[in-house]
Amino acid sequence: MNKTILFLLLVLVGGLASLFFAPMDSNWVSALIALAAVLISLVSAFANEIFPFRLSLRADEVIFAPPSAPSHDSPALILPLVFINEGNGSGVVEALSMKIENNGVSKIYTPIAEIDFGRYLTGKRKLHAENMLGTFSSFTLGSKESVKKHILFSQEEHSTKYPFSKWSEGQHTFRVYVKSSRAKKPVELATITYSINKQVLDEYKNGVGSSLAGSRELDI
């Protein structure tokens, strides 16, 4: 909360406190109504500052998800993402994008669907209509709320900034960017780095998926 808002709130608190020492008449009631109106206006005008929306993201797994039909050389990826609002105000997660960097080449991936991961696991770990919940769309997070979503990403084939490119083995960095209603620009909220070998890429072409995840062992 910045100093201007704090100062205005202190002035209002001081005004309300002074009313308790004033005689209770029509002027007292009018003053109370006026101060209440100012307080409501102040809260409405500075709602974002008073009740911030603080979005964070948890991600550590990248799933190579083959479709049931033959695909091109660019894998479809499922990311299990946990969206957490650490603030007291609500907000909207409006859009996602993922940039993948390898050997100086960047690919841009965008969300195309939300996946029912339970059905994906029981459906021979392949993408098909039965395990897709629908296209990805914006959603709201309330105060201190969190939600986990399995999002299917696909490489943009007609991006002018990041031209479509085939995959190659090596070290890959996955950067997840989020555009929310409380931010003017997309913000990078998660970064994952994995080494992808030729076996993972070859298996994907043959219809076999892979999961890249860090160690689940705790240091205890």
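The values are calculated or read from the model by the stated rules, or taken from the named source; none is laboratory data. It should be emphasised that the depicted structure is a prediction, and the values quoted were computed from it without experimental measurement. Here Cβ is always computed from backbone atoms with ideal geometry, including for glycine, and neighbour counts include all displayed protein chains.
The figures follow:
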{"quantity": "Odd one out for I192 among (1) over 30 Å from E86 (Cα atoms); (2) buried (at least 17 other Cβ atoms within 10 Å of the Cβ); (3) within 22 Å of the chain's Cα centre (by Cα)", "calculated": "(1)"}
{"quantity": "Candidates K166, K99, K124 - the one that is of a type outside the set (A, V, I, L, M), at pLDDT 95 or above and out of contact with any Leu (no Cβ under 8 Å at 6 or more places or on another chain)", "calculated": "K99"}
{"quantity": "Residue within the stretch 162-178 that is without any contact (Cβ under 8 Å) to a residue 24 or more places away in the chain and surrounded by 11 or more Cβ atoms within 10 Å (Cβ to Cβ) present", "calculated": "yes"}
{"quantity": "Selected residue (criterion: modelled with the lowest pLDDT) from residues of the stretch 169-186 that are part of a loop (DSSP other than H, G, I, E, B) and of a type in the set (G, A, S)", "calculated": "A183"}
{"quantity": "Residue that is farthest from I63 (Cα to Cα) [pool: residues in the stretch 114-141 that are in contact with a strand residue (DSSP E or B) (Cβ under 9 Å, 6 or more places away or on another chain) and loosely packed, with under 12 Cβ neighbours inside 10 Å]", "calculated": "S137"}
{"quantity": "Selection count where residues are touching a helix residue (DSSP H, G or I) at 6+ places or on another chain (Cβ under 6 Å) and surrounded by fewer than 16 Cβ atoms within 10 Å (Cβ to Cβ), scope the stretch 62-113", "calculated": "0"}
